[in-house]
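Participant: Submitted below is the structure of interest, expressed as structure tokens.
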Amino acid sequence: MDETRLNRARFRAWRRGFREADLILGPFADLHAPGFSEEEMAAFETLLDQPDHDLYAWITGSAETPPEHEHDVMRRLKAFDPSRPAGKPTGDGRT
């Protein structure tokens, strides 16, 4: 992965201008973007091009995700829990 491209995507994820989106997209990018394939990074960058409130609504499920954005990266975003540090056990046997 091109380091400049990765850093640009992480910067964009953290500085959306809509704090609620920042707090989901930023940690998600920090954790997952370094391991993205070329295709996954392109899909993530396309998501970052979307309006903040639309993207946030898709992630939280308060609006239906358009079919063109319903892909593996979006599914991972929807399942992502930014309140749980990576690797920290939940206490219920999950990691």
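Participant: Restricting the search to segment 31-63, which residues are modelled with pLDDT of 95 or more, surrounded by 13 or more Cβ atoms within 10 Å (Cβ to Cβ) and of a type in the set (Asp, Glu)?
Facilitator: Result: 40, 45, 54.
Participant: Oh, and also: When segment 21-45 is examined, which residues are found to be more than 11 Å from the chain's Cα centre (by Cα) and farther than 14 Å from residue 6 by Cβ?
Facilitator: Hit for segment 21-45 is 39, nothing else.
The values are calculated or read from the model by the stated rules, or taken from the named source; none is laboratory data. For clarity, every value in this text was computed on a predicted model and none was experimentally measured. Here Cβ is always computed from backbone atoms with ideal geometry, including for glycine, and neighbour counts include all displayed protein chains.
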